[in-house]
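Right, one structure below, let's go through it.
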Amino acid sequence: GLQPQGGAPLFGFLFGAKYVAGPFTIGAAVEEMWMQGQAQLAGISQYRGRGFVAGASYTVAPGYQVFGEYLWNDQQQSLRNFVANTFGPGNNANNNVKGQGFVIGNVVNF
């Protein structure tokens, strides 16, 4: 949605890198962003989100790859309870939530 009156502007960045050496590929990316978040908290608090991902793949044969990735993120906004989906004074619980995961798989191209 649009920036609410008195709310914080959106700002973010994303950096990534990839390296390929024969059948091996590795890469990583980081991101961070700030924005208003919950519109009713305009001028009171601001949302911040961060993330990181790193992965690798290997080409076993032409058209067949295996890969693995690790992902991590967190989200934070004062006076906002992300679990109960409530906001305002007294809602400082669960205002910083985190997640992570690991993915493995394969890709077949033909």
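The values are calculated or read from the model by the stated rules, or taken from the named source; none is laboratory data. This structure is a prediction, so every number in the text was calculated from the model and none was measured. A quick note on method: Cβ atoms are made from the backbone with ideal geometry, for glycine too, and the neighbour counts reach across all protein chains shown. What goes into the accessible areas is simple: the full protein's heavy atoms, side chains included, and nothing from ligands, DNA or RNA. Shrake-Rupley method; radii C 1.70, N 1.55, O 1.52, S 1.80 Å.
Quote the charge dipole size of segment 7-88 about the Cα centre in Debye, to the nearest 20; the model charges only the Cβ of Lys and Arg (+1) and of Asp and Glu (-1).
On the way: 4 positive and 4 negative charges, 19 e Å.
Dipole size: approximately 100 debye.
Report, to the nearest whole %, how much of the accessible area of the chain belongs to carbon and sulfur atoms, 1.4 Å probe, protein only.
On the way: 4460 of 7440 Å².
Within the chain, the accessible surface is 60 percent carbon and sulfur.
What translational diffusion coefficient, in µm²/s and rounded to a whole number, does the Stokes-Einstein relation yield for the chain at 20 °C and a viscosity of 1.002 mPa s, taking the hydrodynamic radius as the Kirkwood radius over Cα pairs? List each step's numbers first, then the result.
On the way: Rh = 16.4 Å.
D = 131 µm²/s.
I'd like the distance separating the alpha-carbon centroids of segment 1-57 and segment 86-110, in whole Å.
Each part's Cα centre sits 13 Å from the other's.
How large is ³J(HN,Hα) for each residue in segment 40-47, as worked out from phi by the Karplus curve 6.51 cos²θ - 1.76 cosθ + 1.60 (θ = phi - 60°), to whole Hz, x for Gly and Pro?
So the Karplus estimates, Gly and Pro as x, are 5, 9, 4, x, 10, 8, 10, 7 Hz.
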